[in-house]
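K.L.:
Following this message is one structure expressed as structure tokens.
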Amino acid sequence: MSLFIRLALLFTILGAWPAPPASPQSGGGAPLQISWEVRNRFRLFREERDFQLQAEAMRAGSILAAENALEIQSDGRGWARNTVNRLCIDRSGRVSEPCTRDGVKESYLAPVDHAVTVRLAGALPVGATCAWTFDDGQGPRQSTLDCAEPINLRVPSSNPTAVTVDVSSGADAPQRVSTEIFVRDILIAGLGDSIASGEGNPDRQIALADEGFCFQSYLGGPGSEYFRPSRAGYKGGRACGSPGPLQAWQRHSAVWFNPACHRSLYSYQTRTALALAVQYPHIAVTYLPLACTGATIADGLLGPQRARECLVTKSGVDCQGRVNAQLGELRDALAAAKRRQPDRKLDLVLLSIGANDIGFSELVANVIVDSATERALFKRTGVLGSVEDSRAALTNELPQAFSKLRGALKPLVGDLSHVIFVSYANPVLTEGGICPGGRAGFDVHPAFNANPERLNQTARFVQSEFLPRLKALALCQSGILCRDPAGDRMTFVDAHQAAFANHGFCARSANDPEFDQACFSAKGDSFVSDVVAASSQPLVCGRGASEFRAYLPRARWIRDANDSYFAAMTYPQGLPASAQPSDIHDATWGVLSAVYGGAVHPTAEGHAAMADAALPAAVSVLRLDARIPEVVQEPLLPPSAQQPPETKQQ
């Protein structure tokens, strides 16, 4: 995308922002009132600057508009690339207890107090003096200063803090204003599969080299090699047959908030929880992201599952192999929180699950793997699925699994209306129809071609059978039996599906990034086929792969295979040792590196649109728009009229 277009988009977005709030002195006759807000109230963030970045961006009005503004601001490198290193949950998934946030150690799961900023707003005379009193039941704290100055303090989470300010200004009669501060700390858990985890959107995209890296195909022999962009910084052999240590390759991978599960800060679950904190200044949000790529209800939510990728650290590579069950992790976290705060409860669950239970990834493989050799091989190994297989799982297996999930969630959250089930978007729609198919967006691998017939069949199954069935399961409708329909219905969200109908994987626009338009061919011939030339320049457009930016506004809200490779280029390093290819140029890794980074998953913009749909449901369930008690304002009596309270005769 040219600099001119980026600036134009940024100015368009900035122009939609409301004016900054007026200073206290510009009240224009407005009555005096005490305003307060929780600082850095998205508690996953260690540093307030990361929260303020989001709060400023959210002035654009929606989460999607904020994402677009941040994408342009970061020149497509993404806002999360630095934030990912400043979190209260480490990259192995462990909660930091305590977590040092803005220089203060706090319990992450059960905070005992919160940092707040208090100020007096309204029509303040210049030079007015404020005598503040804060009483949290442990004795009053007092402070006197200019009324234009805010006060920063910490207030307990267990009980309200009474606030009184006596305002004096020259000969004017003093006034007293009072209110109460009570921070509602909301505990939110994110559960589910790759759509829930944010797959396709590494917090720091992979750095690609401009030269090529050789992969083999399954045919073997002469003519079976092809070159695609290498990883920047990799010093091993790039030619097929040349030595290439796996650990040297791993050190140059994309960075994920949690590599074992491909959890990303761009996920709709994180963006929804974060938006709640931005929008409501009197709450704090404690967020537990537990969703994991590849999860099913049985293997992932209720039981352990295979890890996606290894954690690369300065000291080496840590391959967990398996990831604990999400509900088990949630149960342990709640138990730890209750040991500190017996009344601590889970307020909200964000959930997306069911696609892997019906073999959706196998359906995708069936659509895009078109070469006869690969199709024959993948059929034998169970990689390819059919609509008939998925329909059978949808009818016979998913309802039973969903019933077990409902039973497991009930003891954790109680009323299942506090589980917000965010449905999937159909990834293959555009301009009111189905994407036409072809190699465009999938030519990163020679065997890929979105077959139009299989694509059409899959799209119709998803739209007319899978998505309606999920809704029925979540809402106890259409023949789905629930023991207690009133208490077993989840809150269901699918408002984003209409927006996605114009943003499938094939969507293109004249406003797409300049690199995409120049280098990702609409005809599916983006890569140099001559292996000699491709080893030094794999792209037909003649530009460097390092110019690709994963986080710029695009027409498509669904990652295609080219996006997956250029954003993440993932090797399935979480597989058992027996299943790991010995050669990093291996044909299997050539296929998986093109799809394991999030092919056919929402982009950051897609996740933002999903969060925009989920946010109103979360606000409603949490009753965040309930009326807040008004500030009390009254004239301050002169000292001679202030009588001490009567004491009773003994």
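The values are calculated or read from the model by the stated rules, or taken from the named source; none is laboratory data. Here the structure is a predicted model, which is why all the values come from computation and not from measurement. Reconstructed Cβ throughout: ideal geometry from the backbone, glycine too, with neighbour counts over all protein chains shown. Each accessible area value is taken on the protein alone, full model and side chains, heavy atoms only, with ligands, DNA and RNA left out. Shrake-Rupley method; radii C 1.70, N 1.55, O 1.52, S 1.80 Å.
K.L.:
In the range 101-137, which residue that is open to solvent by 70 Å² or more (accessible area, probe 1.4 Å) and touching a residue at least 12 places away in the same chain (Cβ under 8 Å) is nearest to the chain's Cα centre (by Cα)?
P.N.:
ASP102
K.L.:
Take the residues in the range 223-254 that are within 26 Å of ALA80 (Cβ to Cβ), modelled with pLDDT of 95 or more and outside any loop (DSSP other than H, G, I, E, B), then tell me which one is nearest to the chain's Cα centre (by Cα).
P.N.:
ARG231
K.L.:
Something else now. What number goes with the only condition from (1) open to solvent by 20 Å² or more (accessible area, probe 1.4 Å); (2) out of contact with any strand residue (DSSP E or B) (no Cβ under 6 Å at 6 or more places or on another chain) that GLY200 does not pass?
P.N.:
For GLY200, the exception is condition (1).
K.L.:
Also: Would you confirm, using the coordinates I've provided, whether VAL493 is hydrophobic (A, V, I, L, M, F, W, C), modelled with pLDDT of 95 or more and farther than 23 Å from VAL369 by Cα?
P.N.:
Values: hydrophobic (A, V, I, L, M, F, W, C): yes; modelled with pLDDT of 95 or more: yes; farther than 23 Å from VAL369 by Cα: yes.
The answer is yes for VAL493.
K.L.:
Among the residues that make up the range 69-84, is at least one of them open to solvent by 10 Å² or more (accessible area, probe 1.4 Å), of a type outside the set (Gly, Ala, Ser), more than 30 Å from ASP512 (Cβ to Cβ) and in contact with a strand residue (DSSP E or B) (Cβ under 8 Å, 6 or more places away or on another chain)?
P.N.:
Within the range 69-84, none of the residues are open to solvent by 10 Å² or more (accessible area, probe 1.4 Å), of a type outside the set (Gly, Ala, Ser), more than 30 Å from ASP512 (Cβ to Cβ) and in contact with a strand residue (DSSP E or B) (Cβ under 8 Å, 6 or more places away or on another chain).
K.L.:
I'm checking my understanding of the structure. Among residues of the range 390-405 that are open to solvent by less than 20 Å² (accessible area, probe 1.4 Å) and of a type outside the set (Gly, Ala, Ser), which one is farthest from GLY479 (Cα to Cα)?
P.N.:
LEU405
K.L.:
Now a separate question. If I ask for residues that are of a type in the set (Gly, Ala, Ser) and buried (at least 20 other Cβ atoms within 10 Å of the Cβ), which ones from the range 426-458 would you list?
P.N.:
So the first thing to find is which residues in the range 426-458 are of a type in the set (Gly, Ala, Ser), and the list is 432-433, 437-438, 440-441, 447, 450.
Across the range 426-458, the qualifying residues are GLY437, ALA440, GLY441, ALA447, ALA450.
K.L.:
For the range 273-298, which positions are part of a loop (DSSP other than H, G, I, E, B) and either β-branched (Val, Ile, Thr) or open to solvent by 10 Å² or more (accessible area, probe 1.4 Å) (or both)?
P.N.:
If the condition is that a residue be part of a loop (DSSP other than H, G, I, E, B) and either β-branched (Val, Ile, Thr) or open to solvent by 10 Å² or more (accessible area, probe 1.4 Å) (or both), then TYR280, PRO281, HIS282, LEU290, THR293, GLY294, ILE297, ALA298 are the ones that fit.
K.L.:
Let me ask something else. If SER529 satisfies every condition in (1) more than 30 Å from PRO446 (Cα to Cα); (2) assigned to a loop (DSSP other than H, G, I, E, B) but one, which is the exception?
P.N.:
Of everything listed in (1) more than 30 Å from PRO446 (Cα to Cα); (2) assigned to a loop (DSSP other than H, G, I, E, B), SER529 misses just condition (1).
K.L.:
Quick one: would you say THR647 is more than 30 Å from LEU346 (Cα to Cα), assigned to a helix (DSSP H, G or I) and at pLDDT below 95? Outline the logic, then answer.
P.N.:
Details: more than 30 Å from LEU346 (Cα to Cα): yes; assigned to a helix (DSSP H, G or I): no; at pLDDT below 95: yes.
No: the conditions fail for THR647.
K.L.:
Name every residue in the range 361-374 that is modelled with pLDDT of 95 or more and open to solvent by less than 40 Å² (accessible area, probe 1.4 Å), in order of residue number.
P.N.:
Selection gives LEU363, VAL364, ALA365, ASN366, VAL367, ILE368, VAL369.
K.L.:
PRO553 - would you say it is farther than 28 Å from GLY294 by Cα and surrounded by 19 or more Cβ atoms within 10 Å (Cβ to Cβ)?
P.N.:
Numbers: farther than 28 Å from GLY294 by Cα: no; surrounded by 19 or more Cβ atoms within 10 Å (Cβ to Cβ): yes.
Criteria not met by PRO553.
K.L.:
Can you find even one residue in the range 496-518 that is at negative phi, basic (Lys, Arg) and in a helix (DSSP H, G or I)? It would help to see each step written out before you state the result.
P.N.:
If we filter the range 496-518 for residues that are at negative phi, which is where we start, we get 496-518.
Filter again for basic (Lys, Arg), leaving 508.
This time we only want the ones that are in a helix (DSSP H, G or I), so: none.
There is no residue in the range 496-518 that is at negative phi, basic (Lys, Arg) and in a helix (DSSP H, G or I).
K.L.:
May I ask you to say which residue of ILE186, ILE206 is within 41 Å of the chain's Cα centre (by Cα), over 28 Å from LEU622 (Cβ atoms) and open to solvent by less than 20 Å² (accessible area, probe 1.4 Å)?
P.N.:
Working: ILE186 fails: over 28 Å from LEU622 (Cβ atoms).
Exactly one residue qualifies, and that residue is ILE206.
K.L.:
Look through ALA577, ALA550 and report the one residue that is modelled with pLDDT of 95 or more and hydrophobic (A, V, I, L, M, F, W, C).
P.N.:
Numbers: ALA577 fails: modelled with pLDDT of 95 or more.
Matching residue, one of ALA577, ALA550: ALA550.
K.L.:
I would also like to ask the following. Between a residue in the range 148-161 that is over 17 Å from ASP185 (Cα atoms) and any residue that is assigned to a loop (DSSP other than H, G, I, E, B), which pairs come within a Cβ distance under 7 Å, given they are 6 or more apart or on different chains?
P.N.:
Here the result reads ALA148/LEU124, each pair linking the range 148-161 to a residue that is assigned to a loop (DSSP other than H, G, I, E, B).
K.L.:
Further, regarding this structure: If LEU539 passes every condition in (1) farther than 30 Å from PRO616 by Cα; (2) in contact with a His (Cβ under 9 Å, 6 or more places away or on another chain) but one, which one does it miss?
P.N.:
Of the numbered conditions (1) farther than 30 Å from PRO616 by Cα; (2) in contact with a His (Cβ under 9 Å, 6 or more places away or on another chain), the odd one out for LEU539 is (2).
K.L.:
Quickly run through the range 601-644 and pick out the residues that are at pLDDT below 95 and either among the aliphatic types (A, V, I, L, M) or in a helix (DSSP H, G or I) (or both). Steps first, answer last, please.
P.N.:
Step one: list which residues in the range 601-644 are at pLDDT below 95, which gives 625-644.
The answer is ALA626, ILE628, VAL631, VAL632, LEU636, LEU637, PRO639, SER640, ALA641.
K.L.:
Any residue that is crowded, with 24+ Cβ neighbours inside 10 Å, under 22 Å from the mean Cα position of the chain (by Cα) and farther than 19 Å from PHE566 by Cα - is there at least one of those in the range 302-315? Break it down stepwise before answering.
P.N.:
So in the range 302-315, the residues crowded, with 24+ Cβ neighbours inside 10 Å come out as 305, 307-309.
Now restrict to residues that are under 22 Å from the mean Cα position of the chain (by Cα): 305, 307-309.
From what's left, farther than 19 Å from PHE566 by Cα: 305, 307.
Yes, the range 302-315 contains at least one residue that is crowded, with 24+ Cβ neighbours inside 10 Å, under 22 Å from the mean Cα position of the chain (by Cα) and farther than 19 Å from PHE566 by Cα.
K.L.:
Which condition from (1) within 27 Å of ARG271 (Cα to Cα); (2) crowded, with 23+ Cβ neighbours inside 10 Å; (3) touching a strand residue (DSSP E or B) at 6+ places or on another chain (Cβ under 7 Å); (4) not charged (D, E, K, R) is the one that ILE181 breaks?
P.N.:
(2)
K.L.:
Which residues, counting only those in the range 110-127, are at pLDDT 95 or above and out of contact with any Leu (no Cβ under 8 Å at 6 or more places or on another chain)?
P.N.:
ALA110, PRO111, VAL112, ASP113, HIS114, THR117, ARG119
K.L.:
Of all the residues that make up the range 532-552, how many are in contact with a strand residue (DSSP E or B) (Cβ under 6 Å, 6 or more places away or on another chain) and either among the aliphatic types (A, V, I, L, M) or in a loop (DSSP other than H, G, I, E, B) (or both)? Let's see the steps before the verdict.
P.N.:
Residues of the range 532-552 that are in contact with a strand residue (DSSP E or B) (Cβ under 6 Å, 6 or more places away or on another chain), as a first pass: 534-536, 538, 544-546.
Subset that is either among the aliphatic types (A, V, I, L, M) or in a loop (DSSP other than H, G, I, E, B) (or both): 534-536, 538, 544-545.
Count: 6.
K.L.:
Output yes when any residue across the range 508-517 is of a type outside the set (A, V, I, L, M), modelled with pLDDT under 95 and under 30 Å from the mean Cα position of the chain (by Cα), and no when none is. Write out each step before concluding.
P.N.:
If we filter the range 508-517 for residues that are of a type outside the set (A, V, I, L, M), which is where we start, we get 508-509, 511-517.
Subsequent filtering for residues that are modelled with pLDDT under 95 retains none.
Scanning the range 508-517, I find no residue that is of a type outside the set (A, V, I, L, M), modelled with pLDDT under 95 and under 30 Å from the mean Cα position of the chain (by Cα), so the answer is no.
K.L.:
Select, from LEU327, LEU384, LEU334, the only residue that is buried (at least 16 other Cβ atoms within 10 Å of the Cβ), out of contact with any Leu (no Cβ under 8 Å at 6 or more places or on another chain) and among the aliphatic types (A, V, I, L, M). Don't jump to the end; show me each part of the working.
P.N.:
Details: LEU327 fails: out of contact with any Leu (no Cβ under 8 Å at 6 or more places or on another chain); LEU334 fails: out of contact with any Leu (no Cβ under 8 Å at 6 or more places or on another chain).
Only one candidate qualifies: LEU384.
K.L.:
Select from the range 36-49 the residues that are more than 11 Å from LEU274 (Cα to Cα) and not in a loop (DSSP other than H, G, I, E, B) and list them in ascending order.
P.N.:
The first filter runs over the range 36-49 and keeps only residues more than 11 Å from LEU274 (Cα to Cα), leaving 36-39, 46-49.
Of everything in the range 36-49, those that are more than 11 Å from LEU274 (Cα to Cα) and not in a loop (DSSP other than H, G, I, E, B) turn out to be TRP36, GLU37, VAL38, GLU48, ARG49.
K.L.:
Could you please find all residues in the range 251-272 being open to solvent by 10 Å² or more (accessible area, probe 1.4 Å) and touching a residue at least 60 places away in the same chain (Cβ under 8 Å)? So that I can check it myself, show each step before the final result.
P.N.:
Let us first name the residues in the range 251-272 that are open to solvent by 10 Å² or more (accessible area, probe 1.4 Å), namely 251-253, 255, 263.
Once the filter is applied, which keeps residues that are open to solvent by 10 Å² or more (accessible area, probe 1.4 Å) and touching a residue at least 60 places away in the same chain (Cβ under 8 Å), the range 251-272 yields ARG251, SER253, VAL255, ARG263.
K.L.:
Further, regarding this structure: Name the residues in the range 582-602 that are of a type in the set (Val, Ile, Thr) and out of contact with any strand residue (DSSP E or B) (no Cβ under 7 Å at 6 or more places or on another chain), would you? If you could, list the steps in order and put the result at the bottom.
P.N.:
Quick first cut of the range 582-602, residues of a type in the set (Val, Ile, Thr) only: 584, 588, 591, 595, 600.
Correct list: ILE584, THR588, VAL591, VAL595.
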